[in-house]
1. Out of the range 177-193, which residues are within 17 Å of N160 (Cα to Cα) and touching a residue at least 60 places away in the same chain (Cβ under 8 Å)?
2. Is at least one residue of the range 160-168 under 20 Å from the mean Cα position of the chain (by Cα), under 19 Å from T256 (Cβ atoms) and not β-branched (V, I, T)?
3. Give just the number: which of (1) more than 9 Å from the ligand (Cβ to nearest atom); (2) under 24 Å from G151 (Cβ atoms); (3) outside any strand (DSSP E or B); (4) touching a residue at least 60 places away in the same chain (Cβ under 8 Å) does L224 not satisfy?
4. Quick check, is T139 assigned to a loop (DSSP other than H, G, I, E, B) and touching a residue at least 60 places away in the same chain (Cβ under 8 Å)?
5. Which one of these is closer than 20 Å to N211 by Cα, within 16 Å of the ligand (Cβ to nearest atom) and not polar (S, T, N, Q): G151, G177, G171?
6. Just to verify a result, which residue in the range 51-63, among those that are over 26 Å from the mean Cα position of the chain (by Cα) and in a helix (DSSP H, G or I), is nearest to I173 (Cα to Cα)?
7. Kindly provide the set of residues from the range 236-283 that are within 15 Å of the ligand (Cβ to nearest atom), closer than 17 Å to V378 by Cα and among the small types (G, A, S), ordered by number.
Amino acid sequence: MTHESRMLIDGKLVESETGRQFDNINPATEEVLGGTADGTRADMERAVAAARHAFDHTDWSRDGEARAAGLRQLQAALEAEREELRGELIAEAGCPLLSTFGPQLDVPLRDALSWPADMISQFQWKRTLPDKDAFGMGTLAEREVWKEPIGVVGVITPWNFPLEIILNKLGPILAMGNTTVLKPAPDTPWNATRIGRIIAEQTDIPPGVINIVTSSDHLVGEVLSTSPLVDMVAFTGSTATGRRIMKAAADTVKPTFLELGGKSVYLVLDDDGDISASVGGSAFVSMHAGQGCAMPTRLLVPNSRHAEAVEIVKVAMEKNKYGDPTDPSVLQGPQVSRRQQDRVMGDIEKGKQEGARLVTGGNIPAHLPKGFFVEPTVFADVDNRMTIAQEEIFGPVLSVIGFDDDDDAVRIANDSIYGLSGVVFANDLDRAKSVAGRIRTGTLGINGGLWYGADAPFGGYKQSGIGRQCGIEGLEIFTETKTVGWPKETR
Ligand code: NAD
């Protein structure tokens, strides 16, 4: 597999100013795949200056047709390298092949750039307000509200759905007329550097509009929060890092768009006669080793059916195939790094210490000596106040929690600092919708329905974030608002 090691700064593919590279490690085999430019703060500052210049001194922000054409060119070129992207994603993120046919690759490749490109001509760039005599002096003013690009957007992304998150940020940011600097996670740099090479070599997107800086140093990304040349930071990652970014952005009063962690529920209401299918579906939590921010990791079941539910989910989790992510029948690959594996094992230990009952899993699998694997794990008799029910584990770990009635279920669901996603099941759709309306979370799947797509706003309530990615809300967030008025008579 040929990868791109270089960054994209001001339209050129470049190594780091130091010439140094950092290793990209395959989490399923622990092999070093190769190197990537180890960008510095100086590299980041050059990228920021290039994005600033492209915004201030080119027609990019005003030329919607060029932007739509650029996005479509990029999409076509990415599609032409779809299989290389697939192989690279599996190798560097450890995501199972299965996941690349959905949100990990094929779905965003279809709509993450094309939907925003289509929306450039449909977006409400301008709206008219009624004429108004604002000071009561007999002078009517005509008034309009204009939407304009916000400017230079700094983008910082995580490793779990690296390409999906990058494309769903670049699409709306570029469609709305902004320029950008992207800092991908060091664990998964190659899907980003490949995008950089494609932009440089196969699109007419002007130099400086998109810059991509890779680095092993997380703090290189901090320049995006502090630089007065950057107008906004768009971040996806952990809540802890989101807080740091917000604090760092405060000095320049920079808006922050944050997609953070979650501790979502999978709620099966008590009117559900046969719960085997609904409860069994919760075992999907081990997909991509549980490394999804929207994963419903708390299974809420009626206390009267707790034992039955635990048995169902135990069988389902034990059936989940885990191991080599290139195997098409595998649902769960490795954790992305040794550090993540250690964190997940630490959380499992905490669950045991705090008195949750380990039903299955809980170990590093002995038959997989290489790679950062963790067994699919279920805890039962979990109290929602326990650490495993409150903190995001980001591993293949499900906690089963009992509730008394709908009110109790809603109370437990909302007893969290997070509010990102969730699932509700009930025989009666109206009842499911009514309960869904009471859960304070940004997205919810009802009775197995999926909400996902480039046109669907995604984001969190509470400490799961600020703002929405995708959908009309995800376009608006990358705009500024200007209100203008002029005397009616003078026209
Ligand atoms: P992370 O917060 O450790 O890192 C994310 C990115 O931030 C990386 O690029 C990292 O290099 C960078 N970073 C770290 N410290 C920084 C700092 N001080 N300043 C600037 N940048 C910094 O998160 P992660 O471990 O890569 O990803 C997992 C987390 O992401 C989970 O908490 C998960 O829930 C969350 N996530 C959220 C969503 C969502 O849309 N809500 C989607 C995917 C992942």
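The values are calculated or read from the model by the stated rules, or taken from the named source; none is laboratory data. Keep in mind the model is a prediction, meaning the values are calculated, not measured. Methodologically, a virtual Cβ is constructed for each residue, glycine included, from the backbone with ideal geometry; neighbour enumeration extends over all protein chains shown.
1. Within the range 177-193, the first condition is being within 17 Å of N160 (Cα to Cα), and the residues that meet it are 182-193.
Selection gives K183, P186, D187, T188, P189, W190, N191, T193.
2. Let us first name the residues in the range 160-168 that are under 20 Å from the mean Cα position of the chain (by Cα), namely 160-168.
Keeping just the survivors that are under 19 Å from T256 (Cβ atoms) gives 165-166, 168.
In the following step, the residues that additionally are not β-branched (V, I, T) were identified as 168.
The answer is yes; a qualifying residue exists.
3. The number of the failed condition is (1).
4. So T139 fits the description; yes.
5. Values: G151 fails: within 16 Å of the ligand (Cβ to nearest atom); G177 fails: within 16 Å of the ligand (Cβ to nearest atom).
Sole residue among the options that is closer than 20 Å to N211 by Cα, within 16 Å of the ligand (Cβ to nearest atom) and not polar (S, T, N, Q): G171.
6. Only one residue tops the list, namely A54.
7. The one that is within 15 Å of the ligand (Cβ to nearest atom), closer than 17 Å to V378 by Cα and among the small types (G, A, S): S264.
A quick yes/no check of all residues on (1) assigned by the TED database to the domain that holds T180; (2) assigned to a helix (DSSP H, G or I):
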position	(1), (2)
P228	yes, no
R244	yes, yes
A294	no, no
R305	no, yes
I312	no, yes
M317	no, yes
T326	no, no
S329	no, no
R339	no, yes
